[in-house]
Structures are given as C-alpha cells and as structure tokens.
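The values are calculated or read from the model by the stated rules, or taken from the named source; none is laboratory data. What you see is a predicted model; the values in this text were computed from it and never measured. Quick reminder, even Gly has a Cβ in these numbers, built from the backbone with ideal geometry, and neighbours come from all protein chains shown. Just so you know, the surface numbers come from the protein's heavy atoms only, side chains and all, with ligands and any DNA or RNA stripped out. Shrake-Rupley method; radii C 1.70, N 1.55, O 1.52, S 1.80 Å.
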Amino acid sequence: MIKLKTLDQAKVEDRRVLLRVDYDTPTTQENGRVVVRDDTRIRLTLPTLEYLLERRCRVVILAKRGRPDGKVVEELRLDPMAKKLEELLQKPVKKINTLIGQEAQQAVDDLQPGEVLMLENTRFHPGEVKNDSELARALAQFGDLIVNDAFSLSHRAHASVSGIAEHLPMVAGLHLQREVKTLSGLVENPKRPFVTIVGGAKISDKVEVIRRLSQLADVVLVGGGVANNFLKAEGIEIYHSYLEDQVVDEAKRGQSFVAVAEELLQNNKHERMMFEGYIPLPRILYPIDVVAADRAEQPSYREVIDLVNNHQQIPSKDDYMFLDIGPKTQRLYRDIIMQAQTVFWNGPMGVFEQPDFAEGTQAVATAMAKTSARTIVGGGDTISALKNFELLDRFDYVSAAGGASLELLSGKTLPGLKPMIEEN
Ligand code: ADP
Ligand code: MG
C-alpha cells in the first residue's frame, strides 16, 4: 500500500496553505452566464477545505482549466469554479485574474485566517506544463506548504503539481488520500476472483494497465476499440474497425500495438481461470461476437457478427466497423462479473454515445450494479455512460481520475505523489 504524508502530520494550524485541486469541470450557459454543470470534482475537495478552514489556515487554491497552451484564454478563466465553490462552501472565495506577480502577491498578503483565495488558471502560464522551476518557485512563495488534493492530475509532471514540491513540503489532501488508498489497495490484496474490465478507444492509454492487471487479476475482459487490437492479433478480420496501431516507444520502435496485444495473449496462454459453467478460461478474454455497422451515427445497417463460429457465416458487407460487444460476449462477461468478489472497470465496451451501440456497456454496468462483489470504476467516459444509465450510485467506489488511476494501477510512480510518499 502506498503511504503518503498526511494533513495531520503536517500540523497546518494557522499556516498559509497552497491547495492543489482539480476543478476542471464541464460548464454550461445559464441566463447568459457560464456556470459549472457538474460540481462533483469541487464537492470532493470540501472535506479538505473544511479541515483547513477549521484550523484557521489561509488557503490559496491552485487549479487549471482546459488546455490554454500557456496563453490567457478568456473562456478558460476559473471564475465559474470560484462561484460554485463559494456556493458549496457558503463562504466568500476571492478570485483574481492572475497567477503570479504583484497582484497575486498582494492578494495573498491580504488573506486573513480562514479565508480562501483562488488564483487564475495555472495553464495560462507557459511554465506550468514545462514544469518550469521559476514558476514553481514563484508559486511556492505563496504558502508554507502545499496540500495536493488533485489525484486526477498527479500523473502530470507540471510546475504546480510536482515541481512546486521542490520548494516546500507537500502533503496529501483527504480526497487524494482516499483515491490512492482505494486504488493501491485494489491491487495489493483484492478478494478473489478479481475481475477487471478494460475498454475504451485508444489502446495506448490502456496497454500498461492491461499488462499489469493480466498479472494481478484473475481475468481481464477486453472490450471497445481496445479489443480490436486483440482480435487482429488473433488473426481475426476487423474490416474498417477503429484501430490504434502505432509504435509504442523508442525502445520498441517498429513494434505495433497489435504485436503488444499478441505478446500479452502469448504470455497468458497457459494461465487458466475457472468460472462456473465454463471450461477453464484464459487470463485475457476478448469479444466472441460484436455488433457491426457501417458507421456509428445513423448507420444504414446493424449486424451481430459471431467471431468464433464465423466459418458458417459469410460477411454480407465489407465496410463493417465493430462498434459494440455482441450478445454472447455480454452474457459471458456478465456471468464472470456475477462470480467475482472484486471488479474494477475502466473504458466503455462500445460507442455508447449512440443508443445503437450502448448495449454492451449497459450490460456490463448492470451486471456490476447487481453483483455482490466490491465494484470500482474509473474513467471520464465510463462514468458519463453510468450517469446515462442511472447506475453510478450502485458502485462501491467511483474514482474521479482517469489517466492517473490507470498509471497508478500500472505500477508507475506518479510525479505528483512522489514528494509525499513515506519511506517504510
Ligand atoms: P474513459 O474516459 O472511460 O477512460 P476512453 O476515453 O478510453 O474511456 O474511451 C471512450 C471512448 O471509446 C468513447 O467515446 C467510445 O465511443 C469509444 N469507443 C468504445 N468502443 C469503441 C469502438 N468499438 N470503436 C470506436 N470507438 C469506441
Ligand atoms: Mg475518455
């Protein structure tokens, strides 16, 4: 289990605290004003904020919004987030239009115990994503310590996320603490069978987590666009389906993701898992049937293709795109999920944004809602699918982080966590 330096250890009473949060939330127009549409991420930081304010801290909030590429972009100012926070905290939140410099310094100096100040979007400064040490140093001057409550950004080596910790102590916020505890505990000592499900579009985001989970979990159920790499690796025709197949990294130049999928399948070839009602199953499972169409939006046809027994079947079209897992795969995945004790899921099984191709994702979601196993889910699109199905509250743990949770589960050391890790 990863152990982090805690707020309690830091003795924050009466101190100036920089608080790193992830308030990058969707917005919407309301009476001609831009407002936060989904305040989940802001709510998640309230326990930490309340902890600090009860202890008379002067709190300076650091947050980013979107990808302004180091320039001031009017639409990406943090004012809607500050407004929402004010509403949730029921306390004034001072927001200024700069990040560093005279105005920021003055605002920090004026801050009284128990007051909150939000600085402007950290990514308006070109030094942020470059992890510029001058920017990190300038920000560090605004506090006696930094509290990191932005787990979902902790895989970024950015000035306000990791570089800043070279200039002042960093400790874990309460929300970050809970994320790290849950996710690192998941791979440490899960109740078995430990079933994992990985889907989504791009295999580059998921390949490392599939690799690690194929060692740690009893089974990895693959779906979505990611599955196409595995199908192709098995020599199955995927027609015009989505396929990400680039070079992995410098060391593996020339190798494709199909080759990586093949290697993963090979490595796990002799590992078998017993699930009731089935012959011993391999560690990594891919769809045995799919829903194919000519396109995701308003397709002119929609057809289920059996990928295992397709010798009897002559494909009627050649512009097939595999856009969802088929009914047999849904049944197989559901049966396995129902027998699990722990289930982790990241990445939709199909193009769930279109009702025609949402069935597979819904089937997995429903099985997870029903199973007695402990269920953990992460990923922006996966969560948005669960909201559509009104099943989100049926999960035991919902991680607010996508990329960061996958990197943690892959066994990587995250730059934003590293400064807080306690050596045993
Ligand atoms: P998350 O945000 O939960 O980590 P991803 O961002 O990895 O998920 O993937 C979500 C996207 O994957 C969705 O937009 C969905 O339409 C797409 N997707 C799922 N299955 C397929 C498929 N078979 N072909 C193309 N895109 C797919
Ligand atoms: Mg996504």
**Q.** the range 46-108-the range 178-209 distance, computed between alpha-carbon centres (Å)
**A.** 32 Å
(Q) Within the chain, what whole-number % of the accessible surface is contributed by carbon and sulfur, with the 1.4 Å probe and all protein chains included in the calculation? (A) 46 percent
Q. For the range 166-324, what log10 I(q)/I(0) values come out of the Debye formula at q = 0.10, 0.17 1/Å, with one point per alpha carbon and no solvent?
A. -0.47, -1.08
**Q.** Alpha-carbon Rg/Rh ratio, for the chain, with Rh computed the Kirkwood way
**A.** 1.01
Q | For the range 283-372, fraction of C-alpha pairs farther apart than 16 Å, in % | A | 55 percent
(Q) Helix-only estimate, please: 222 nm mean residue ellipticity of the chain, summing -39500 (n - 2.57) across DSSP H runs of length 4 or more and dividing by its residues, to the nearest 500. (A) -9000 deg cm²/dmol
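Fully extended, how many nm does the chain gain between Met274 and Gln105 (0.36 nm per residue separation, minus their Cα-Cα distance)?
Additional length available on full extension: 54.6 nm.
Run the dipole for the chain about the Cα centre, Lys and Arg Cβ at +1, Asp and Glu Cβ at -1, nothing else charged, and hand back the magnitude in debye, nearest 20. Kindly include the intermediate steps, with their values, before the conclusion.
Working: 53 positive and 61 negative charges, 190 e Å.
Approximately 920 debye in magnitude.
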Q: Starting from the exponent 0.38 and prefactor 2.2 Å, build the expected Rg for the range 142-199 from its residue count and divide its actual Cα Rg by it.
A: 1.45
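Between Asp69 and Glu303, what length comes free when the chain is fully extended (0.36 nm per residue of separation minus the Cα-Cα distance, one decimal in nm)?
Values: separation 234, 0.36 × 234 = 84.24 nm, distance 4.30 nm.
Going from the current span to full extension adds 79.9 nm.
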Q) Under a plain spin-label model, where a point goes 7 Å from the Cα along Cα-to-Cβ, how far apart in nm are Ile421 and Arg192? A) 2.6 nm
Q) Angle, helix 257-267 long axis vs. longest principal axis of the chain, Cα atoms, 0 to 90°, nearest 10? A) 70 degrees
Q: Anything over 18 Å Cα to Cα? Flag those among Lys202/Lys232; Lys64/Lys94; Lys91/Lys387; Lys64/Lys130; Lys5/Lys418; Lys3/Lys412, in the order listed.
A: Lys91/Lys387
Q: Report, largest value first, the span of the C-alpha coordinates of the range 30-71 along each principal axis, in whole Å.
A: 36, 29, 16
Q) Which listed residue (Pro190, Gln106, Ala172) has the Cα farthest towards the positive end of the charge dipole for the range 104-204, taking +1 on Lys and Arg C-beta and -1 on Asp and Glu C-beta about the Cα centre? A) Pro190
Q | Convex hull of Cα atoms in the range 344-424, direction-averaged projection (nm²) | A | 6.4 nm²
Q. What fraction of the DSSP beta bridges in the chain is antiparallel, stated in percent and rounded to the nearest 5?
A. 30 percent
Q) If you roll a 1.4 Å probe over the heavy atoms of the protein chains, what accessible area per residue do you get for the chain, in Å²? A) 45 Å²
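Please list the equivalent ellipsoid semi-axes of the range 156-255, computed as the square roots of five times the alpha-carbon gyration tensor eigenvalues, in descending order and whole angstrom.
Working: eigenvalues 209, 88, 26 Å².
Output for the range 156-255: semi-axes of 32, 21, 11 Å.
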